[in-house]
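*Asks:* Structure in structure tokens, see below.
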Amino acid sequence: MIRSFAAFILFIWFFPLFADNNQNCDKKNICSSIETENDETSVYLQAKNLIPGTHITIYTAIEGSNIETEPQSPISFVLTDSDKKKVLTFKKRENTEAPVSVAVLAVAYYGDLSAKHDETYVYTLPYEGKSWISIGYNSGEEHKGGGAYSLDFVLPEGTSLLAARDGIVVETEDKFTEGRRDPKLIDKANRIVIEHSDGTVAIYGHLKSKGVLVKPGDKVVAGQKIGLSGNTGFSTGPHLHFEVYKPEENRKKKSFATLFKTESEEKEYLSEENAYWTPDGKTPPGFPITNLAEFCISNSIPDPDKPSSCPDKLQAKRKIYLSIPIYKSGPYTFKGEFISLKTKKVSFTFQEKIPSGINFEAWEIQPVLSAGKYKIKFYLEEKEIGERSLQILP
């Protein structure tokens with residue numbers, strides 16, 4: 001879970017009206033000041049460490065009785081350089097008593113308030129290898145509202161993370177070490193934040209401690225290794241939170257659905273309970289739903305989290321276990337025909353439904369086969385996807 005990942009709140013300061021004041025800055029050198037010149041009192045904002053080519057959107061609210069501002073507060077401003085910028089002026093309302101103090105609240109977000117997401121851009125998958133999406137768009141408790149178009153990729157800790165799009169690194173954090181479903185850890189996830197050329201921002205969250213391989217100001221290109229996945233912050237297990245967004249008025253954000261190029265060699269929107277990987281030109285039997293090379297037939301109960309011994313010779317009068325990986329959510333009809341090489345006839349047919357929402361399926365087959373050699377033909381949705389050889393020993 002990610003909450004206001006790229007936001008930081010400036011302090012609330014209280015000032016006597018019409019008094020000159022020094023700048024007040026947060027740890028990232030986002031500064032605010034109230035200054036009076038020629039009987040005009042103004043609020044100034046400055047992003048002293050703003051990286052060239054990037055943007056900071058700052059929501060600014062002026063609080064105090066008997067005052068009015070121009071333009072009307074609250075309002076958001078976009079800073080595009082490190083110069084000090086006058087953002088609004090304020091004064092006492094006519095025929096009212098002078099206020100004792102005024103408060104300035106500023107909340108800063110990476111990205112451009114006026115950004116227009118390039119809907120045609122095709123992103124690179126942000127990891128090496130294969131991953132399932134555990135939480136997709138508009139799903140669960142976390143991916144709602146401003147973060148509705150977020151994706152959670154299940155990844156073993158330490159998996160290489162890749163930049164999904166060219167951009168400039170604007171923020172990194174890798175000091176956190178804890179990860180669990182605890183509200184106290186919502187803002188304690190390691191992360192990388194990258195701004196794109198259209199003013200949108202990508203968040204890569206929950207990285208492992210010391211798992212950030214880039215620094216603010218670095219220019220990255222799509223496919224470049226930028227970090228290592230982890231399980232820090234408010235998290236139920238090792239995964240990568242990926243989200244592209246732009247800041248909006250009133251301390252809100254808007255996330256965007258993103259197209260990716262996947263193993264299908266096509267651009268597509270990713271969906272929950274499916275696995276995706278980068279195109280490698282390979283189309284194994286059963287692609288892309290499964291991979292026949294990873295089927296396992298054995299006399300031992302399979303464990304999806306541990307490698308299994310998958311011999312081509314099994315013992316008669318013992319149960320057989322058949323297990324297969326599932327990369328695309330079902331349901332599907334799966335069938336296996338055990339054909340005796342001696343008689344050239346089907347000795348046994350196994351058929352089951354593969355439900356939706358799983359990435360591994362295993363079945364127990366009773367010892368109905370007699371000793372001999374067999375050819376097994378496999379089918380998905382009545383389409384033959386390949387065959388395997390098997391010998392049943394006496």
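The values are calculated or read from the model by the stated rules, or taken from the named source; none is laboratory data. The shown structure was predicted, so the numbers you read here are calculated from the model rather than taken from an experiment. Here the Cβ is made from the backbone with ideal geometry for all residues, glycine too, and neighbour counts use every protein chain on show. What goes into the accessible areas is simple: the full protein's heavy atoms, side chains included, and nothing from ligands, DNA or RNA. Shrake-Rupley method; radii C 1.70, N 1.55, O 1.52, S 1.80 Å.
*Asks:* Between GLU141, GLU195, which is of a type in the set (D, E, K, R), open to solvent by 20 Å² or more (accessible area, probe 1.4 Å) and within 20 Å of PHE256 (Cα to Cα)?
*Replies:* Being of a type in the set (D, E, K, R), open to solvent by 20 Å² or more (accessible area, probe 1.4 Å) and within 20 Å of PHE256 (Cα to Cα) holds for just one of GLU141, GLU195, which is GLU141.
*Asks:* May I ask you to list the residues in segment 152-180 that are over 24 Å from THR54 (Cα atoms), in contact (Cβ under 8 Å) with a residue 60 or more places away in the chain and either charged (D, E, K, R) or buried (at least 17 other Cβ atoms within 10 Å of the Cβ) (or both)?
*Replies:* ASP152, PHE153, VAL154, LEU155, GLU157, THR159 - these are the residues of segment 152-180 that are over 24 Å from THR54 (Cα atoms), in contact (Cβ under 8 Å) with a residue 60 or more places away in the chain and either charged (D, E, K, R) or buried (at least 17 other Cβ atoms within 10 Å of the Cβ) (or both).
*Asks:* Report whether or not ASP112 is of a type outside the set (Phe, Trp, Tyr), in contact with a His (Cβ under 7 Å, 6 or more places away or on another chain), in a loop (DSSP other than H, G, I, E, B) and within 24 Å of ASN250 (Cα to Cα).
*Replies:* On the way: of a type outside the set (Phe, Trp, Tyr): yes; in contact with a His (Cβ under 7 Å, 6 or more places away or on another chain): yes; in a loop (DSSP other than H, G, I, E, B): yes; within 24 Å of ASN250 (Cα to Cα): yes.
When the stated conditions are applied, ASP112 passes them.
*Asks:* On to the next question. For segment 275-284, name all the residues that are part of a loop (DSSP other than H, G, I, E, B) and open to solvent by less than 20 Å² (accessible area, probe 1.4 Å).
*Replies:* Correct list: empty.
Every residue, every condition in (1) of a type in the set (Lys, Arg); (2) within 17 Å of SER255 (Cβ to Cβ); (3) touching a strand residue (DSSP E or B) at 6+ places or on another chain (Cβ under 7 Å), yes or no:
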{"site": "PRO126", "(1), (2), (3)": "no, yes, yes"}
{"site": "TRP132", "(1), (2), (3)": "no, no, yes"}
{"site": "ALA148", "(1), (2), (3)": "no, yes, yes"}
{"site": "LEU155", "(1), (2), (3)": "no, no, yes"}
{"site": "ALA163", "(1), (2), (3)": "no, no, yes"}
{"site": "ARG181", "(1), (2), (3)": "yes, no, yes"}
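*Asks:* Please state which of the following conditions VAL104 fails to meet, knowing it meets all the rest: (1) farther than 30 Å from VAL220 by Cβ; (2) out of contact with any Pro (no Cβ under 8 Å at 6 or more places or on another chain); (3) open to solvent by 20 Å² or more (accessible area, probe 1.4 Å); (4) not small (Gly, Ala, Ser).
*Replies:* Only one criterion is unmet by VAL104, namely (3).
*Asks:* What residue, among those in segment 293-314 that are in a strand (DSSP E or B) and of a type in the set (A, V, I, L, M), is nearest to GLN391 (Cα to Cα)? Spell out how you get there, then give the answer.
*Replies:* Step one: of segment 293-314, the residues in a strand (DSSP E or B) are 296-298, 313-314.
Subsequent filtering for residues that are of a type in the set (A, V, I, L, M) retains 297, 314.
Numbers: ILE297: 11, LEU314: 6 Å.
Out of the qualifying residues, it is LEU314.
*Asks:* Right, another one. Can we say TYR327 is of a type outside the set (Val, Ile, Thr), buried (at least 17 other Cβ atoms within 10 Å of the Cβ), within 23 Å of the chain's Cα centre (by Cα) and not in a strand (DSSP E or B)?
*Replies:* Criteria met by TYR327.
*Asks:* Which condition from (1) closer than 29 Å to GLY211 by Cβ; (2) among the acidic types (Asp, Glu); (3) free of Cβ contacts under 8 Å to residues at least 24 places away in the same chain is the one that GLU128 breaks?
*Replies:* (3)
*Asks:* A follow-up question, please. Inspect segment 220-229 for any residue being modelled with pLDDT under 95, open to solvent by 30 Å² or more (accessible area, probe 1.4 Å), out of contact with any helix residue (DSSP H, G or I) (no Cβ under 6 Å at 6 or more places or on another chain) and assigned to a loop (DSSP other than H, G, I, E, B) and give the result as yes or no.
*Replies:* No, there is no match, as no residue in segment 220-229 is modelled with pLDDT under 95, open to solvent by 30 Å² or more (accessible area, probe 1.4 Å), out of contact with any helix residue (DSSP H, G or I) (no Cβ under 6 Å at 6 or more places or on another chain) and assigned to a loop (DSSP other than H, G, I, E, B).
*Asks:* Moving to a separate point now. Restricted to segment 351-370, and to residues that are within 21 Å of LYS328 (Cβ to Cβ) and outside any loop (DSSP other than H, G, I, E, B), which residue is least open to solvent (accessible area, probe 1.4 Å)?
*Replies:* Checking each candidate, the answer is ILE354.
*Asks:* Over 23 Å from ILE135 (Cα atoms), in a loop (DSSP other than H, G, I, E, B) and at pLDDT 95 or above, is that true of GLY158?
*Replies:* So GLY158 fails the test.
*Asks:* Considering only residues of segment 330-354 that are among the aromatic types (Phe, Trp, Tyr) and within 37 Å of the chain's Cα centre (by Cα), which is nearest to LEU390 (Cα to Cα)?
*Replies:* Taking the candidates together, the pick is PHE334.
*Asks:* Can I ask one more? Within segment 40-92, which residues are under 30 Å from PRO216 (Cα atoms), surrounded by fewer than 20 Cβ atoms within 10 Å (Cβ to Cβ) and of a type in the set (Gly, Ala, Ser)?
*Replies:* Matches in segment 40-92: GLY53, ALA61, SER82.
*Asks:* Right, something else. Only one residue in LYS373, LYS317, LYS342 is touching a strand residue (DSSP E or B) at 6+ places or on another chain (Cβ under 6 Å), loosely packed, with under 15 Cβ neighbours inside 10 Å and outside any strand (DSSP E or B), so which one is that? So that I can check it myself, show each step before the final result.
*Replies:* Details: LYS373 fails: outside any strand (DSSP E or B); LYS317 fails: touching a strand residue (DSSP E or B) at 6+ places or on another chain (Cβ under 6 Å).
Only one candidate passes the filter, namely LYS342.
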